[in-house]
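Since every read-out is calculated from the coordinates, none of them should be taken as a lab result. Not measured: the values here are computed from a predicted model. In this analysis, Cβ positions are derived from the backbone assuming ideal geometry, glycine residues included, and neighbour counts consider all displayed protein chains.
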Amino acid sequence: MTRFSKSTEVQSFLFDKQKWSVTAAKKWLSEHNKKVPKVDTTSEYHRFRQAPPFQFQKGTFRTIPIGAKSKGIKAVIAVPRLRKNPESKKRNPPNKKSSRPWLPATLVDLADPISVDLEDGRQLKFPRSGKWAMCCNRSGTEIWILSRQDSTRVKATDEQAENLFEKFTGFEHDQENNALMVQVAPKKMERISRAMNIVYRSDKFSRPGKTSDYIHPFKIYPVVSVDNETKPTIVALRGGQIKIKKEGVTG
């Protein structure tokens, strides 16, 4: 048996399908104060992820039984990746400038977000009040979700951004009525998971105000980062093969 000098954490729980129903497995997880995400059922097990695989070190995964083997519960454990020590900043030279998280200079406001389903079973929901914006960078390769109230609207001429807006919505950009460009400046962004799909609302290619809901499942899951994991006000989806096109979100 492989032994690790560093402490391990549970990445997933596995319940033998012959001994556990999905309902019974969820009840066990709840009673033991574990996460109860969406179930991933294979030919032999009901799998419940507690954390995404990328949060652990490669080559440290192993499966162990929980309790007696006859109980039919196993855990996939691994050594978590090293987390940055918040105290490390204090050891930096006093003349070294602290860097802000990478952020596009401007974003293009495209639609109203509804929800994002995460790989670890969580879901980010956004009130359908028009206060949240689904934006993208000027090249249309990243998605940013943010509060319209807490961001700065920029009335600026940008041909690339205008072309992207008009291609996605089917409407000509009106500088007076459409605040196309957005600027935000979070103090930090923290990676929390990857996105399986995104749901958004838009009136693209229809009468202004006549909206439809769209869902896009990602072929390659993009990384999801937030400014505050407890109560995020800025959400970024980056990586994968995101591309904003005339037909909507693709990739």
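See the values below:
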read-out: Violating pairs (Cα-Cα greater than 31 angstrom) within the set K187/K243; K26/K131; K26/K187; K187/K246; K26/K219; value: K26/K131; K26/K187; K187/K246
read-out: Extended-chain gain in nm, criterion 0.36 nm per residue less alpha-carbon gap, S139 and S7; value: 43.3 nm
read-out: Region 29-86 and region 211-251: distance between their alpha carbon centers, rounded to Å; value: 26 Å
read-out: Ranked M196, M134, criterion: other C-beta atoms within 10 Å, fewest first; value: M196, M134
read-out: Greater than 29 Å apart at Cα, pairs in K74/K188; K58/K245; K38/K74; K167/K210; K34/K58; K38/K58; value: K74/K188; K58/K245
read-out: Relative contact order of region 1-79, pairs being alpha-carbon contacts under 8 Å that are 6 or more residues apart, as %; value: 42 percent
read-out: Unit Cα scatterers, Debye sum, region 5-61: log10 I(q)/I(0) for q = 0.28, 0.29, 0.31 Å⁻¹; value: -1.15, -1.19, -1.28
read-out: Estimated FRET transfer efficiency when R0 is 51 angstrom, pair K167-Q18 (beta carbons, to 0.05); value: 0.45
read-out: Relative packing of peptides 10-18, 23-31 - highest average C-beta neighbours within 10 Å first; value: 10-18, 23-31
read-out: Under-5 Å amide H pairs with I234, H placed in peptide plane, nonlocal only; value: D227, N228
read-out: HN-Hα J in Hz across region 224-232 - Karplus 6.51, -1.76, 1.60, θ = phi - 60°, x for Gly and Pro; value: 10, 10, 9, 7, 8, 5, 6, 9, x
read-out: Rounded FRET efficiency, nearest 0.05, which uses the C-beta distance separating D203 from E247 and R0 of 22 Å; value: 0.90
